[in-house]
Amino acid sequence: MPLALLALAISAFGIGTTEFVIMGLLPNVANDLHTSVPTAGNLVSAYALGVVIGAPLLAVIGVRMARKHLLILLMGIFVVGNLMSALSPNFGWALGGRFVSGLPHGAFFGAGSVVAARLAPKGREGRAIATILLGLTFANIVGVPAATVLGQDLGWRATFLVVTGIGVLAIASLALLIPYEPVEPQQSLRRELRALRKPQVLLGLATAVFGFAGVFALYAYLSSITTEVMGLGESSVMWILALAGVGMTIGVAAAGPLTDRAARPTAYASLGGLAAALVVFYFTAHILWIALPMVVILGAVGFLMTAPLQTMVIRAASDAPTLSAASNHSAFNLANAGGVWLAGAGIAAGWGWTSTALVGAALASAGLAIALTAGRLDHNRHNTTPHNQPQEPAPVTQ
């Protein structure tokens, strides 16, 4: 694989760390900025809102930029946002810093995935995209726990100063390792918007919304399930989250070669496996020797869908993939918000903590239904296209 992928993975590591580390530092932030923990929780929502707004907006702004320059610009925004958080004199500034930090998230992974796919040898695009996403999942195993401990010992601001430093290192890596490619003549906003309206792209985005909502419906409440259902102490929460991170990394690592072999079947297997695993977890969460490996399995089957969904969207968007690929990460964050809200509604209704698994299973099943519909439409399109007419590049690997 090209060395340039290392620069993209370093950037992804920094982005993943700043996205999730705030969850373990909310009490510290609340105490320092003289607010409540629930109010400090808005720092999580501010980041997600930044991702949803920033992904399509910055992708559109960067349509006429060389992708190397766009990636550097996006990481520059990331550095500014984290520095704002680290130096914030009050909660309002911290909220603004989190929003700014989230703005480049989706656009970076969108443009980065396109760059990775273009750099990879033919037939290995899925592995290249998975390499970037490994930086994101590795952040959950190493970056987030280490940054959380740092923030608890030296103050939460120290965490964001370190993440700012990672962002600066990422910019230097991008400048040195990403090859410059001039703007392609056909790149235009009109082409990007036209690609985004393709049925296969829209169905791919809808699959991501429902499929990942199934992941986050459970993951967001895993800390409470650890203490309230598994019967473990608060000190065990970090280790349970690390187990989930291990599973995520396994899933992303497996997704690369499986996507190159058969993208759509890999997505089917991930969504179906996620729904089944969530149902099993619902019935076994209180049995520790089953629940612990299930946490790893849930992370693995859930994140197995990352590379195939991103790859299929890029292929479906054909020669104008940047906006569509960035929008896919907006879909992931809509899934985050929607899955957490629906699962929380179940808890509020008195269904119990493990009901989050059933909510997640229903969402994953809906995602699978959408993916199967997309596959059927694609199969019908290929079968009805006359053999003597040129066909568009296939959006998926069969």
Exercise for the section: Could you tell me whether region 180-187 includes any residue that is open to solvent by 40 Å² or more (accessible area, probe 1.4 Å) and either assigned to a helix (DSSP H, G or I) or within 30 Å of L26 (Cβ to Cβ) (or both)? Expected result: no
Practice task
Taking T322 as the residue in question, decide whether it is of a type outside the set (D, E) and under 19 Å from the mean Cα position of the chain (by Cα).
Solution key: yes
Exercise for the section: Would you confirm whether any residue within region 346-355 is of a type outside the set (G, A, S), open to solvent by 10 Å² or more (accessible area, probe 1.4 Å) and within 20 Å of the chain's Cα centre (by Cα)? Expected result: no
Problem - Single match in V246, V209, V163, V229 (criterion: at pLDDT 85 or above, among the β-branched types (V, I, T) and in contact with a His (Cβ under 9 Å, 6 or more places away or on another chain)) - result: V229
Practice task
Sort through G272, G256 and tell me the only one that's farther than 16 Å from Y219 by Cα and modelled with pLDDT of 95 or more.
Solution key: G272
Practice task
Considering each residue of region 227-284, count those that are polar (S, T, N, Q) and touching a residue at least 60 places away in the same chain (Cβ under 8 Å), and give that number.
Solution key: 2
Exercise for the section: Considering only region 213-272, state which residues are among the small types (G, A, S), more than 18 Å from the chain's Cα centre (by Cα) and not in a helix (DSSP H, G or I). Expected result: G231, G233, A262
Practice task
Filter region 268-296 down to residues that are more than 19 Å from V144 (Cβ to Cβ) and in contact with a Leu (Cβ under 6 Å, 6 or more places away or on another chain) and give me whichever is most open to solvent (accessible area, probe 1.4 Å).
Solution key: Y282
Handout entry: helices (runs of 4 or more DSSP H) lying entirely in region 25-108 (those with 1 or more residues that are out of contact with any Ser or Thr (no Cβ under 7 Å at 6 or more places or on another chain), buried (at least 20 other Cβ atoms within 10 Å of the Cβ) and among the charged types (D, E, K, R))
Key = 67-87
Completion exercise
Only one of L342, L363, L358 is more than 29 Å from K198 (Cα to Cα), of a type in the set (A, V, I, L, M) and either modelled with pLDDT of 85 or more or open to solvent by 30 Å² or more (accessible area, probe 1.4 Å) (or both), namely L358
Practice task
Report whether or not F210 is among the aromatic types (F, W, Y), part of a helix (DSSP H, G or I), open to solvent by 40 Å² or more (accessible area, probe 1.4 Å) and touching a helix residue (DSSP H, G or I) at 6+ places or on another chain (Cβ under 6 Å).
Solution key: yes
Exercise for the section: Among the numbered conditions (1) open to solvent by 10 Å² or more (accessible area, probe 1.4 Å); (2) over 23 Å from A59 (Cα atoms); (3) not small (G, A, S), tell me where V168 comes up short. Expected result: (2)
Problem - Checklist (1) surrounded by fewer than 19 Cβ atoms within 10 Å (Cβ to Cβ); (2) touching a residue at least 60 places away in the same chain (Cβ under 8 Å); (3) acidic (D, E) applied to E125, failing item - result: (1)
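Yes or no, residue by residue, for (1) open to solvent by less than 30 Å² (accessible area, probe 1.4 Å); (2) among the small types (G, A, S); (3) at pLDDT 85 or above:
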{"residue": "A158", "(1), (2), (3)": "yes, yes, yes"}
{"residue": "A172", "(1), (2), (3)": "no, yes, yes"}
{"residue": "A175", "(1), (2), (3)": "no, yes, yes"}
{"residue": "G204", "(1), (2), (3)": "yes, yes, yes"}
{"residue": "L218", "(1), (2), (3)": "yes, no, yes"}
Practice task
List every residue pair whose Cβ atoms sit under 7 Å apart, with the two residues 6 or more apart in sequence or on different chains, where the first one lies in region 196-211 and is among the aliphatic types (A, V, I, L, M) and the second, anywhere, is open to solvent by 40 Å² or more (accessible area, probe 1.4 Å).
Solution key: L203/T373; V209/L334
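The values are calculated or read from the model by the stated rules, or taken from the named source; none is laboratory data. Because the structure is a prediction, the values reported are computed rather than measured. In this analysis, Cβ positions are derived from the backbone assuming ideal geometry, glycine residues included, and neighbour counts consider all displayed protein chains. Note: areas computed on protein heavy atoms with side chains; ligands, DNA, RNA excluded. Shrake-Rupley method; radii C 1.70, N 1.55, O 1.52, S 1.80 Å.
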